[in-house]
Structures are given as structure tokens and as C-alpha cells.
Amino acid sequence: MSCSSGCSTDKTSDGGKPAGCGSSGSCATDSCNKLTVFDWLSDMQLPQGDKPFDVLEIRFKNSRKEFYKNQTNQNFQVGDVVAVEATSGHDIGVVSLAGELVRIQMKKKEINYDSAEVRKVYRKARPADIDKWREAQALEVETMYKARTLAITHGLAMKISDVEYQGDKSKAIFYYTADARVDFRELIKSMASQFGVRVEMKQIGARQEASRLGGIGSCGRELCCSTWLTDFRTVNTSAARYQQLSLNPLKLAGQCGKLKCCLNYELDSYLDAVKDFPQTDNLKLTTKQGRAFHQKTDIFKRQMWFSYEGNAQTFVQLTVDRVKQIVEWNKQGIHPEELVEEVKIKAPVQPMKHPDFENAVGKDNISRFDKKKQQGGNQQRNNPNRRRNNNSPQNQKRRDAK
């Protein structure tokens, strides 16, 4: 994983600073490297009179890290390129951790302070040391291809996956994978004569190979083994069964060809949840309609599906409590009518009707009488039959009397 400044300590500029690093190699988090460690003790001050821990954690190519003593009490910071002691000659690495957290890391990895594995730091790398180191890094890819050709020529069933040169170009470590024991004595002689360096062969597993090469997983993120995962635990197919996953090798296998390490991440949570479920091995429920066998389980919803013998295509959904109840009844010789609990249907209760009250006062209007009079007067004026009514017999008698 890389930081926002885009630094890369594998390629350094003049002066030992990472090329392209916005913090000039002093980001103090080392987040641009594989298997980084956040120093959460960097801001804490030591008690008065205590001296800082004089051991540094030095990172080399990919995830290889070793511990070195700072016997000269030089001021080294995280990200400094330093020259360290090697078996013969010297090597170049980058300071990945310093301070009290190194003591905790050594205790975690069970490395004694006085052990022979803990060598010493010479100094900060000089420009000449860094130039030679970069020349050695430039030869690694070509050397790996030539080494693979030599292995094929000797008829060896092995795969050389990576090459790492020592900082002074006097030694090269060849990492290989093989399914069986390989006799590579003649191969070492051919490599030493062709490359002009001392050759060391290291066998690694498929998971270690994936961690060194890196890549993107099916989840879309960088591989866990190449970013933060340090221990490779055994992954079994039982982890997939407990999590109700389909046993599809294409989906369960990672880039290394082995089962994905992430299958173990949530396994403990599933194991705790499954404790409350009945054992599904040969689990059959007996009812008066027949025997039913288990089909599948949803752990988080606490649901189980069963099918009757002879009708496997029809799934019946049951809760865990219902399954436990039927199991106890079967042990007592009791067989329920159906798998699903009978639900008694009650007659629907008619809701009580409330009387509708009318607000008579609200309907009254002060001008209601005026409107009626006005409407009546208009009707008489606008009535076309008004003149016809004047010629009625009653009106004629009145006119004659006058």
C-alpha cells in the first residue's frame, strides 16, 4: 500500500532518500512498504534516565526484515538507508522501525538480544553504496530469467520465483518453490560461474511466494499476505462448510492456489453462532406426514430448511427453536402433524362502529334567509310564465268586478 506522496524506498535517489517521496524519506509511518508497522510509541517519552533501545528493525527486499544493533549510538530515523553487517561483506537496507516497539517485536518473534542473529549497523549508506545497490537491483529480473533457464536445462522440477542481490553485489539469494526435494548442487555451480556471485537457495511455499510477488485479490484489494499478514495458518475446507459456502475451488482458492487465508477471519464468530444449532449430521425430523431431512442453514437469520423424503424440491423453512422442539418430541416418541407449527385462525373481530355526530351549529349561516328571499324574488322576475298567469280565470273575474 502506498502513501499519498507516492514514495518508493525500493528506488532511491541521491543521498539515500526515496525517489518521489514527498516527505524526503522521513514519513515516520513507513506506509509505502510491505508489512508496515505503525509506531504507536513514537510520541511517548522515556522515563528519566532510561536510554532508547539500541536495536533497529531493517527492511530489505519485499517482506524480509531483520534486527540490527546500533552500537555506535547514531541517530537513525525510519526511512533511512543504512549499511549493515552481513555474513560476508555488507548489505543495504531501510530502517522500518526504531525505539521501544522493536523490543516488543523481538519478544513476539522470540529473538534474544544477545543472539547471533542480531548483527550490527555500520552507518548510513553513502552515495557510492546506494549506486552499487541500485545496480544490483537492476540485475535481479534478468538473473531470475536466466536462472529459470538453467533449472530447465538441468531438468529440475522447481520454479525460481524471485532473486534478491546483496547490497554489495557479492551474493544473491534465489527463492524457489518445489513439490518435492530437489538436488540443485550442479545448478548452484552453474549459477556461480555464470553470475559471478555466491549463490544461496531458499525454498518457500506457495503462500510465501504470493506474499513476495504481491497482487490484487478477488475482493479488489491488495493481498493480505503482502500487506499486513505475517503468519500463515492452516486453512481447511471445514472453514468453508461452517460458513455455509459452496465448495467451489475456483472461488475458495487464492492467487497462490491454496485456500484463501480470509476464510479463517470470521470462522470463530461462525463457530460461536453454530453452538446454538442442532447437529445437522444425519439430522432427520419425523412427522405424521413423513420424514424430513436437512437441506441448508442460515446462521445469521437462525433459519433451517428441510424437505420431505420423496419431495426434495420443496423446502420448508423452520426456526431453530422449532427444530429443537421437534427433535425432543421425536426422542420421546411424539410425532407432530407437520413440520410447521399449526396456527389457530380466529374469527375476525368486527370493529365497533362509533356514531357519527353532526355539528348542527356549524351548518347554520346567518345570511341563509336572505339568500332564499333573493333567490325567490329573482325567480319571479325572471319567470317567463308570469304574464300567462295574469290571464287566468281568477284574474279575469277580478277585472270584471272592478
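See the values below:
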quantity	calculated
Residue within segment 262-283 that is in contact with a strand residue (DSSP E or B) (Cβ under 8 Å, 6 or more places away or on another chain) and of a type in the set (A, V, I, L, M) present	yes
Strands (runs of 3 or more DSSP E) enclosed by segment 147-211 - at least 2 residues per element that are touching an Asp or Glu at 6+ places or on another chain (Cβ under 6 Å) and surrounded by fewer than 20 Cβ atoms within 10 Å (Cβ to Cβ)	171-177
Search result, residues across segment 304-314 that are surrounded by 14 or more Cβ atoms within 10 Å (Cβ to Cβ) and more than 13 Å from residue 276 (Cα to Cα)	305, 306, 307, 308
Matching entry among 301, 371, 331 (being modelled with pLDDT of 85 or more and either in contact with an Asp or Glu (Cβ under 9 Å, 6 or more places away or on another chain) or surrounded by 10 or more Cβ atoms within 10 Å (Cβ to Cβ) (or both))	301
From the options 115, 96, 88, 63, residue that is in a loop (DSSP other than H, G, I, E, B), buried (at least 18 other Cβ atoms within 10 Å of the Cβ) and not acidic (Asp, Glu)	63
Verdict on residue 103 being part of a helix (DSSP H, G or I), under 34 Å from the mean Cα position of the chain (by Cα) and surrounded by 11 or more Cβ atoms within 10 Å (Cβ to Cβ)	yes
Some residue of segment 220-238 being in a helix (DSSP H, G or I) and of a type in the set (D, E, K, R)	no
Residues satisfying the stated conditions in segment 251-288, i.e. open to solvent by 90 Å² or more (accessible area, probe 1.4 Å) and assigned to a helix (DSSP H, G or I)	251, 268, 272
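The values are calculated or read from the model by the stated rules, or taken from the named source; none is laboratory data. The shown structure was predicted, so the numbers you read here are calculated from the model rather than taken from an experiment. Virtual Cβ from ideal backbone geometry, glycine too; neighbours counted across all protein chains shown. What goes into the accessible areas is simple: the full protein's heavy atoms, side chains included, and nothing from ligands, DNA or RNA. Shrake-Rupley method; radii C 1.70, N 1.55, O 1.52, S 1.80 Å.
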